[in-house]
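Only one structure is covered here, and it is reproduced in the block below.
The values are calculated or read from the model by the stated rules, or taken from the named source; none is laboratory data. Please read these numbers as outputs of a predicted model, since none were measured by experiment. Note: ideal-geometry Cβ built from the backbone for every residue, glycine included; neighbour counts use all protein chains shown. Heads up: the accessible areas ignore ligands, DNA and RNA and are worked out on the full protein's heavy atoms, side chains in. Shrake-Rupley method; radii C 1.70, N 1.55, O 1.52, S 1.80 Å.
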Amino acid sequence: MPTQDPRPTIRIPGTTSHTITPRTGHSREGTLRYLKAGSGAPLVLLHTVRTQAEHYRRLIPLVSDHYTVHALDLPGMGYSEIVPGASYDEPAMRAGVKRLLTELDLHDVTLVGESMGAVLALTTAADLPERVRRAVAVNTYDFRGGVARSSLLARFVVSGALAPGVGPVIAGLQPKPALRAILQGGLGDKNALREDYLDELLQVGRRPGYPKVARGVYQALPSLIAARSRYSEVKAPIHLVYGEKDWSRPSDREANRRLLPAADFTQVAKAGHFIALERPDVLADLLNSAA
């Protein structure tokens with residue numbers, strides 16, 4: 001049943017908010033929140049580093065006539081429960097995605113992820129071949145440096161958040177101008193970052209315990225890089241999508257093309273790391289043509 005959650009400040013027309021409760025005996029699991037919309041075969045959307053299901057606010061209305069959309073808040077992020085001591089490395093986050101697919105008994109799933117979510121789309125497809133029809137990986141976050149490639153400010157914030165001692169303090173400091181600058185560093189069109197979305201991210205960042213989540217996600221980058229070893233296990237068709245101005249280098253993209261020679265490949269001109277924000281039409285066309 002839908003849950004009435006008054007906390008998010010952004011409403012996406014046609015969506016309802018739902019939760020998945022922890023399984024008995026899994027003490028490190030928290031309640032997961034997801035948005036649902038539309039009708040048709042299931043489409044699961046996995047968001048980027050430091051964002052949430054509302055990252056897909058512009059994409060969901062474009063695809064909900066063709067799919068039943070499930071946009072997940074990854075463990076500890078958005079309005080999913082923050083569990084003390086929980087891990088935010090790739091296997092732990094993948095476990096959250098797998099809970100969504102198995103608890104809702106989804107089959108014939110199209111998995112779409114951006115950034116960190118792209119890695120999780122591929123590794124989840126590797127783990128659940130009987131449930132996944134297709135995986136679309138947008139700007140896979142599986143290269144050294146990650147968001148620190150965005151700008152000098154981003155390098156300072158990430159390195160500070162990872163530093164011993166002061167790291168948790170820096171991870172909890174989120175001045176609006178700094179977050180805006182870091183996120184705009186992932187956009188070809190800076191105007192694609194809307195103020196109400198930035199305010200929503202800042203509200204989530206003030207949740208008790210969230211600085212530890214943010215720090216844990218930054219610390220998880222090596223596990224996302226290591227997850228590339230799972231890509232070749234995916235049996236479903238794969239579509240790799242990159243923004244021309246993504247933080248990944250051409251050599252990073254080419255390495256994944258060589259690793260997945262059968263995958264479709266699209267590069268979006270002038271777009272950056274957050275294609276769902278600035279070019280949702282490209283993703284919608286790609287998805288709807290295969291519905």
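Name the residue, out of Thr110, Thr124, that is of a type in the set (Ser, Thr, Tyr), surrounded by 24 or more Cβ atoms within 10 Å (Cβ to Cβ) and over 14 Å from the mean Cα position of the chain (by Cα).
The unique qualifying residue is Thr110.
I need every pair where a residue in the stretch 273-286 that is open to solvent by less than 10 Å² (accessible area, probe 1.4 Å) has its Cβ under 6 Å from the Cβ of a residue that is at pLDDT 95 or above and of a type in the set (Asp, Glu), sequence separation at least 6 or different chains.
Short answer, once both residue conditions are applied: His273/Asp246; Ala276/Glu114.
Those residues that are under 16 Å from Leu46 (Cα atoms), out of contact with any Lys or Arg (no Cβ under 7 Å at 6 or more places or on another chain) and part of a loop (DSSP other than H, G, I, E, B), I need them from the stretch 106-130; list them, please.
Selection gives Ser115 alone.
Suppose we keep only residues that are closer than 15 Å to Ala121 by Cβ and in contact with a strand residue (DSSP E or B) (Cβ under 9 Å, 6 or more places away or on another chain) within the stretch 40-50. Which one would you say is most open to solvent (accessible area, probe 1.4 Å)?
Looking at residues that are closer than 15 Å to Ala121 by Cβ and in contact with a strand residue (DSSP E or B) (Cβ under 9 Å, 6 or more places away or on another chain), I get Pro42.
Looking at Ala214, Ala255, Ala269, Ala291, can you tell me which residue is modelled with pLDDT under 95 and over 17 Å from the mean Cα position of the chain (by Cα)?
Result: Ala291 is the single residue among Ala214, Ala255, Ala269, Ala291 that is modelled with pLDDT under 95 and over 17 Å from the mean Cα position of the chain (by Cα).
Could you tell me whether the stretch 228-235 includes any residue that is open to solvent by less than 30 Å² (accessible area, probe 1.4 Å) and at pLDDT 90 or above?
Scanning the stretch 228-235, I find at least one residue that is open to solvent by less than 30 Å² (accessible area, probe 1.4 Å) and at pLDDT 90 or above, so the answer is yes.
Being in contact (Cβ under 8 Å) with a residue 24 or more places away in the chain, buried (at least 20 other Cβ atoms within 10 Å of the Cβ) and under 19 Å from Val204 (Cβ atoms) narrows it down to one of Arg94, Arg58, so name that one.
Residue meeting the stated conditions: Arg58.
Considering only the stretch 61-82, state which residues are open to solvent by less than 20 Å² (accessible area, probe 1.4 Å), hydrophobic (A, V, I, L, M, F, W, C) and within 22 Å of Thr102 (Cα to Cα).
Scanning the stretch 61-82 gives Val69, Ala71, Leu72, Leu74, Met77.
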